[in-house]
Every structure is written in C-alpha cells, then in structure tokens.
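Report on the structure given below.
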Amino acid sequence: MSRWIWKFGEFEFYYNKLVHFRRQHYGHIEPPTWKIYPVEPVVMFEKVVSTQGGVFTIHAQGDYATEIMPYPQQVKQGRIQVYIKWGASPQVTLDPGTYDIQIRVQNADTFPAIYVDGIVESDQSWLASDMAEKPAKVGSSPYYTDPDRKPEVFPFSYQDIQPVSVEKAEGGLVYDYGKETFAAVTLSGLKDAEYTLRYGESKEEALDPVDCVIRFTRKNTDGQASFIPYAFRYLFISDTGAKIHASYEYLEEEAKGTFHCNEPLIDQVYDTAVYTFQLNSREFLLDGIKRDRWVWSADAYQSFFVNHYLFFDKELEKRTLIALGGKKPFLAHINTIVDYTFFWIISLYEYYRCYKDLDFLDSMFAQLEEVMDFCLNRLDPDGYARRRKEDWVFIDWAPMDKTGALLGEQVLLAKSMECYAVIADALGKDNKGLQDRCDQLRKKIMADFYDPEQGVFIDSYESGKKVVTRQNNILAYLYMPLDRKIQKSIYENVVCNDNVPQITTPYFKFYENQVVCREGDSSQLEEALRSYYGAMLKTGATTLYEQFDPNESGLQHYAMYGRRYEKSLCHCWSTSPIYLLGAYRMGVINTGIAYSTFEVKPNLGDLKWFKGTVPVPGGIVSVEADEKGVKVRSDIEGGTLVIGDRRIPLQAGQETRAAWQ
C-alpha cells in the first residue's frame, strides 16, 4: 500500500521547528534556547523495481524531476539509455523490465516528500539521501496513506468548544471554558480600534494585564482576527462587542489503559492524568502546553512510561525520539543538559524493550552512535562526565553538591553505555566494548561515591563534604546493579529519612515512588495520590500541575521561577499515576523484550478493590482485584500471575483467578 515518504527524520525536524517557534511569552515569541536542526531542501528518492509494464503516478510535496534508467542487468553493449520524466508529467509509463527510479524533490518552504502509486508504490522499501550522503531508509507514517493528505499538514482533529460562562470584568469580558484546553481562537465583530486578548490557565491570569503569560494587543483592521492554538481555560477580550470562536486542536488517541477503584478521588486523579497526558500528546510529547511547550528529553523519558500504560502509541515516541536526537554533527547536549542526553540514549533502550522495533532502531543507529561518541569524547581522563562551561548539569530542581563529578551523572552515563551495547548487539553492530566500559565505570563509582559507614552514596567525593541527597541515591538504586543490602540501606537511610531534604517536584517523585513501590510499601502510593494530587484537585484543578504545595493558597499555586503565573498547570511529568497504578497496583511489568515475558503482580495497597487494563503488543491485560483475590485475562501469551510465592502461567484469551492465600 502506498504512503507518503520522506528522508528519515525530516518530517520530525520540520515539526520540531514549528513547535519550538510558536512559544509565546509575555506578548512576544520566545525563541528556543538550544539548536534547532533544519530540514534538507533537496532530497533524492530512489528504488530499483521490476515490472510487467504499466503506469505509475507521482505526487510530490515540492518541485520534482524523475530519472528512470534500465537496471544494469539490461544494459547492452555497455550503453545505458536514460529518459527523463519532468515534474510537469506526473504519470510515467514503463515497458516490462527492471529499472532504477530516481525522483529528486526540492522544497524550500516545508520539506521534500513523495507519494507514488500504480505499478510502482512508495513505501518503506525506498531509499533517500540529501545528495551528499549514502542513501538510507526513508521515513513514513501510518497517518499519511492518502495522496491528497500531504505530510506538511499535521493530522490534528478539531472540535468547536463553547464557554460555560461569560462574565463582565474590568476592561472587558472573561470567558470560562470549564477546563484547561488547547485551541485556536477566531475573533469577529471587533469594534474597538485596538483590542487585547489574554489567555489564562487561571481566571486571575487572564485578568492580569501585566503578568499574563500569553497575551496579544493588536490593531483592529477589518473586524476579525485569528490566532494559532494556545493553552487556556479562560479568555479575556477587551472588546465587549467581539465574538469568540474556539476550536480545540488535538491528536486522536485511544486510551487503552484504564483504572477504577473504590475511591472516587483516586479515580479522579487517574482520569485527570489521562486528560493531562492527552493534551500534551501532540506532534511530540510536550512538557507542558502553556509555558513549557517545547520538547525536553528527560521529561519525555518519563512520559514514555506513561504512554506504555495508556496509549501504547509507538509513533508518538518515535517522533519525539527523532526530534530530540538531532542530526550530524552533534555538537551540544540535548536541551543543553548533560543528563538529558543520557536519558535520550536510555529512552531508545526502553523503546526497544517495549516494542522490539528493530527497523526504527536501525534507522536511528547512526545518530545514536554520533551522540554516544560525543559523550565519550567529552569524558575526563578518569572516565567521568563533568560539567563544561556550556553544559547544564540538572538532575532536579534541588540543592546538591555538584562539585566535580556528580554521582547522578556517572550513574546515567554508565546506564547509557549499557543501553548502547544492548541496542548494538540486537542490531548486529559494533557495541564499541561499551558493556565492559560500563562495568568498569560502575566499579569506579562504587569505590568513589559509596560511603560504607553511612550505607548510602554521596553526591561528590571531590568536595570532601559527603553530602547525601535523595535524587542521587534514587538514581543509583534504579540504574546501578546494587545488591539487596545496599538497596535496602538506601531505602531506609535516605528515602525513609526525614532528615534528608524532601523531593518537591513531581518530576523526581516519579523516581522516588518507583523505589517506594519496589520496596513493597503498600500504603504510600495511595497516600501520595490523596495528599498531593487530591489536594491539587480540591483547588479546582482540571489538569495536573507542574508542581504543587498543599501548604500554599490562592495565587501562590500559580507562581514559579519568580513570576506570578509561570507555573505550568498542565504538565506531562505529573501524569505518573497512570504508570504507577498500572505497574504497581495492577502489577503488569514487561520482563522480556516486547512482552515476550511479563508478570502480573497485583497489589491492593490500601484499596478495597480495583479493576483496569494495561496495553501490551497485540492487545490488553485486564486485572481485577478485591480483598478476596484477583482475576486476570491476557490477550497474549508469555504472562505469569504472581501471588506471593506462587507463579501461575497465564493462557492467552483465558481468565485466571487466584485467592490471596
């Protein structure tokens, strides 16, 4: 079946540019703070075909020219006859034979792409190049199988939305749409010579002429105006005679993951997380739809786990990974952050574990090698990654001892080496000896950063301060092959120790909650959902915030980074309850590659009952549990129900029941 094809990555780089160029901040466009990779204006598409003869038709996104040459096996007397079909002739007639078809496309506005149907079809068997490099596999998408649906238009759906109320306000009107949304706005019937339109995630923001983040003040030229989609719940318009039309823009996604339990509040948290994740699932997985509407690597890494338990949309992950990975030459860390580059490499490994999509990984491998070499070439002689002047060592928004080599960075570096080696081995490529280097680095980390007296890791051995933080120990717990004694010591002496500064962001709570759940604490997850997310919802939140402090009130909930409304009220990293409930309450965990083996280990926590579904390749796993026992049904083979010490094989399509005792 024919589909639109393009040079691998160009679709993603084009939309990555558009996404990053549209962030609006305090009345002006906010340019990105890292490199944006350009698209190639000229691309050669080619394929060798054998045919019984007939006609094929070329559709192109751009101007094109076609060359068709008899394949060498047909060459007689050492001569090759070439005939050319120019772009003005989209239909090509071939006699029976074997041919090398080459189509050159130029496009200075969007990116080159073609669609070919008839006796020759465009599909993933074609090759493409930028006229200077070796031809490689093309890119494509299941969204674009219609010749009239060009890939320069992203396949969003649209739905008209109406406000639930309109109120008079000082200087104009404020429209309340009932919940956070992402919509294009059209104004008509404008009367004033100049008007102001303000977007607010809160009513207070929409009414604030100074600190509202997304706002426009424009001259009225013809009584109407249109605005590309932005995030809002509330709209303020100064011209009281104007009419507002809002069109919700979204990517259609089927929520394959579900969760329901005896507590309406936890159900509400889950459902709000689903809606929050839906809003941030767009061209790529965004961090937030208002202030942070860019693509961030470590934030996407967390979102991939949520996607595995909700949409199971590998196309969304592929687009995000391609956009983040960039092109050759790779000269700066992703998002300028050292740990974010490591998380990108680890994300590719997690993609492999979830989907076993070797074709995609093969297309990505050249860039993976480029990024890995960049990281290795910046290591110090002792093998550690240290911050350079142009780098940002992040880990989390928290004080920690970042003197010299920081523990968290070395842990992620070692994991990146291991992930690279696994992917290379799966593809039959040179793994650069990185598994051995990983093993040696981990031994050095243990020698330099582990404090046997405290039974925990320190942030930095170079400062001599022996500072202990949750973030660095949690990363060691999750990404180092530690023995059980050390894991338990980290849990007891760090995670359960109130004297170690608490984590304040949902970003790193994602990791801490995993440690808590792996240690089998059966109550903390529900308590966290009730006290943190439940309190957030009680303030009237319709999506999940970037950060929340239950001790704050009023406008304090919207402030961040020293600005009154800088906090994102719809943030993707806050949707981790979807993953946590799927993995640690329903207990569905992939233990193989693409769920060749998986466990279902239900845990009621302190709930009385729950039921839900988790997507897997080829179907879903449904899990129900109450105080008497569990009921599991899987659409695929390879599963094992784990109840205490019992391991019960699951049969595809059959229901399995088990009592707790």
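All other residues whose Cβ lies under 12 angstrom from that of M131 are scored, Lys and Arg at +1 and Asp and Glu at -1, for a net of -1.
Values of log10 I(q)/I(0) for region 167-305 across q = 0.12 Å⁻¹ run -0.57, by the Debye formula with one identical scatterer at each alpha carbon and no solvent. With 29 Å as the limit on Cα-Cα distance, the pairs of K47/K356; K47/K327; K328/K444; K488/K631 that go past it are K328/K444; K488/K631.
The magnitude of the dipole of region 96-241, with charges of +1 and -1 set on the Cβ of Lys/Arg and Asp/Glu and taken from the Cα centre, is near 80 debye.
Annotation: aspartates and glutamates with alpha-carbon distance below 14 angstrom to K134 (same-chain offsets under eight excluded): E46. When every Cα-Cα distance of region 236-347 is counted in 10 angstrom steps from zero, the calculated P(r) takes the values 12, 36, 27, 16, 7, 1 percent.
Set Lys and Arg Cβ to +1 and Asp and Glu Cβ to -1, take the dipole of the chain about its Cα centre, and tell me which of A476, Q24, Y532 lies farthest positive. Farthest along the dipole direction, towards plus: A476.
Membrane-span-like helices in the chain, defined here as complete DSSP H runs extending at least 27 Å along the helix axis by their C-alpha atoms with mean Kyte-Doolittle hydropathy no lower than 0.5, are 358-377, 407-427; this is a sequence and geometry rule, not a statement about a membrane. Our coupling estimate for region 236-243, obtained by passing each phi through the Karplus curve with A = 6.51, B = -1.76, C = 1.60 and θ = phi - 60°, is 10, 10, 6, 7, 6, x, 6, 10 Hz, Gly and Pro reported as x. Largest accessible area first, the listed residues R484, R215, R387 line up as R387, R484, R215 when surface is computed with a 1.4 Å probe on the assembled protein chains.
Peptides 361-367, 201-207 ranked from most to least packed by the mean count of surrounding Cβ atoms within 10 Å: 201-207, 361-367. Gyration tensor analysis over the Cα atoms of region 471-574 returns equivalent ellipsoid semi-axes of 29, 14, 12 Å (largest first, whole Å).
Within region 162-297, how many Lys pairs that are eight or more residues apart, or on different chains, come under 15 Å at the alpha-carbon? Lysine pairs satisfying the spacing and distance rule in region 162-297 number 7. Solvent exposure of the chain amounts to 41 Å² per residue of accessible area, where only protein heavy atoms count and the probe is 1.4 Å.
Accessible area ranking (1.4 Å probe, heavy atoms, ligands and nucleic acids excluded), largest first, for H333, H59, H28: H28, H59, H333.
Relative contact order for the chain: 12 percent, from Cα pairs under 8 Å spaced at least 6 residues apart, divided by residue count. The chymotrypsin sites (Phe, Trp or Tyr not before Pro) found in region 497-561 that occupy coil by DSSP, while having at most 10 further C-beta atoms within 10 Å, are Y561. Each of G455, G171, T656 was scored by the projection of its Cα onto the charge dipole of the chain, and the greatest displacement toward the positive side belongs to G455; charges sit on the C-beta of Lys, Arg, Asp and Glu. Could you tell me whether region 207-250 comes out rounded, prolate or oblate from its Cα gyration tensor? Rule is a ≥ b ≥ c as square roots of the eigenvalues, rounded for a/c under 1.5, then prolate if a/b exceeds b/c, otherwise oblate. Note, shape of region 207-250 comes out oblate. Protein heavy-atom surface of the chain, 1.4 angstrom probe: 48% of the accessible area is carbon and sulfur, with nucleic acids and ligands not counted. Under 1.5 on a/c is rounded, so check that first for the chain, then, if it is not, pick prolate when a/b is larger than b/c and oblate when it is not; a ≥ b ≥ c are the square roots of the alpha carbon gyration tensor eigenvalues. It comes out oblate by the Cα gyration axes. Whole-Hz Karplus values for region 42-58 come out as 10, 9, 9, 9, 8, 6, 8, 10, 10, 9, 8, x, x, 10, 10, 10, 10 Hz, taken residue by residue from phi with 6.51 cos²θ - 1.76 cosθ + 1.60 and θ = phi - 60°; glycine and proline positions read x.
The values are calculated or read from the model by the stated rules, or taken from the named source; none is laboratory data. Source: prediction; values computed, not measured. Cβ: placed from backbone, ideal geometry, glycine included. Neighbour counts: every protein chain shown. What goes into the accessible areas is simple: the full protein's heavy atoms, side chains included, and nothing from ligands, DNA or RNA. Shrake-Rupley method; radii C 1.70, N 1.55, O 1.52, S 1.80 Å.
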